[in-house]
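Here the structure is laid out as structure tokens; the discussion comes afterwards.
The values are calculated or read from the model by the stated rules, or taken from the named source; none is laboratory data. Owing to the predicted nature of the structure, the values given are computational and were not obtained by experimental measurement. Cβ placement follows ideal geometry from the backbone for every residue including glycine, while neighbour counts extend to all protein chains displayed.
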Amino acid sequence: MLINLHEKRKGGVKDIKILILGSSGVVGSHLVKELRKAHEVIGVAKSSESADVKLDVKDEEELEKLIEGLEPEVVVNCVKPALSTDKMEEEKELSYELNAALPERLAKLQRKYKYKLVQISTDWVYEGKKGKQYNESSPLIAKNYYSETKLEAEKKIQKHAADYLIIRTEGVFGIDDKGTNIFLRLKKRAEHKEPMSVPTDQFSQPIYGGELARVIRVLIEKDAKGIFNVVGPQYVSRYEFACELCKAFEWQCELRAFSISGRKIDVPRNLEVDISKVEAIVGKIKSLDEQIEMLKEEIG
């Protein structure tokens, strides 16, 4: 475990001490940036140079030592295996360890160390039937191993943790160290003048990492509890979203339409999600156009 906190916090004492696990991904990196505006934040990642703490979170003893030593008031779990959802079907041991076992461990530690546990979950826990909108109380149906493990994590957290916040999100886009979200993949293809295949029959409500982070910050500051859908307000296909990005950034990229029916795994095709519960607390989530403008500002 390597800790490097000097030069990371400036401007005096912050209101809340927040530990972010998985701080190098698209969600974690935006959370670090957003929460540092007003709070004391410690980012944890396995190998990223931007992390304050380098730690393999699978090491149970070291993880507990870190929590015990830092005494965070909030622990945010953004950890995700460096695998595609298709690959998770093949590498189930690692997928289970990070998607389900780690959240359960954090939930049990919450009882001991009394922090608020914020779990980044997914709206893939919904079935995704056409013509149906899903709220936080809708039936949960896991269609693949990824969503199965994320759903198990939610159940374990509700069973073991006394204070928790579960964020069901999906389609998060923006800048990050790993470069695996749809925006960065499309950007790379455009720069190399390579075509990109995008499904026309997979619908969801994408959200910019910075806007997701803003919403989570408000939920933490308002001490919200329970489960919240946090996605963007626009319901679009992956293909339509890719077209919007190409238009906004003036990319000349050939988009090749295909159907997800050819994928190896079953995925929820129509994730139309109700966000009225979270908007009642944080206000309106910005439109997709506004979020893309935020991303353009971040890039400069």
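Is it fair to say Glu170 is farther than 27 Å from Gln234 by Cα, of a type in the set (Asp, Glu) and modelled with pLDDT of 95 or more?
On the way: farther than 27 Å from Gln234 by Cα: no; of a type in the set (Asp, Glu): yes; modelled with pLDDT of 95 or more: yes.
Spelling it out, it is not the case that Glu170 is farther than 27 Å from Gln234 by Cα, of a type in the set (Asp, Glu) and modelled with pLDDT of 95 or more.
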**Fill in**
Filtering helices (runs of 4 or more DSSP H) wholly in the stretch 225-300 for at least 1 residues that are closer than 23 Å to Leu151 by Cα and within 19 Å of the chain's Cα centre (by Cα) gives 276-282
**Prompt:** In the stretch 148-186, which residue that is in a strand (DSSP E or B) and in contact with a Lys or Arg (Cβ under 8 Å, 6 or more places away or on another chain) is farthest from Asn135 (Cα to Cα)?
**Reply:** Tyr164
**Request:** Please enumerate the residues belonging to the stretch 81-114 that are assigned to a helix (DSSP H, G or I), of a type in the set (A, V, I, L, M, F, W, C) and out of contact with any helix residue (DSSP H, G or I) (no Cβ under 7 Å at 6 or more places or on another chain).
**Result:** Leu94, Leu98, Ala101, Leu102, Leu106
**Asked** Is there a residue being in contact with a helix residue (DSSP H, G or I) (Cβ under 6 Å, 6 or more places away or on another chain), part of a helix (DSSP H, G or I) and among the aliphatic types (A, V, I, L, M) anywhere in the stretch 68-80?
**Response** no
**Prompt:** Residues in the stretch 175-186 that are over 21 Å from Ser287 (Cα atoms) and surrounded by fewer than 20 Cβ atoms within 10 Å (Cβ to Cβ): how many?
**Reply:** 5
**Message:** I want to confirm something. Restricting to the stretch 181-199 and keeping residues that are closer than 21 Å to Val26 by Cα and free of Cβ contacts under 8 Å to residues at least 12 places away in the same chain, which single residue is farthest from the chain's Cα centre (by Cα)?
**Reply:** Glu191
**Asked** For the stretch 120-165, which residues satisfy the criterion of being among the small types (Gly, Ala, Ser) and closer than 23 Å to Glu93 by Cα?
**Response** Ser121, Ala142, Ser147, Ala153
**Message:** Pairs needed: first member in the stretch 7-24, crowded, with 21+ Cβ neighbours inside 10 Å; second member anywhere, at pLDDT 95 or above and assigned to a loop (DSSP other than H, G, I, E, B); C-beta distance under 6 Å; at least 6 residues apart or different chains.
**Reply:** Ile18/His39; Leu19/Pro72; Leu21/Val57; Leu21/Val79; Gly22/Cys78; Gly22/Val79
**All positions within the stretch 133-174 that are closer than 19 Å to Val230 by Cβ, surrounded by fewer than 20 Cβ atoms within 10 Å (Cβ to Cβ) and touching a residue at least 40 places away in the same chain (Cβ under 8 Å)** = Gln133, Asn135, Glu136, Asp163
**Request:** Could you tell me which of the residues Ser259, Ser237, Ser276 is modelled with pLDDT of 95 or more, of a type in the set (S, T, N, Q) and surrounded by 13 or more Cβ atoms within 10 Å (Cβ to Cβ)?
**Result:** Ser237
**Prompt:** Taking Phe249, is it surrounded by 21 or more Cβ atoms within 10 Å (Cβ to Cβ) and not aliphatic (A, V, I, L, M)?
**Reply:** no
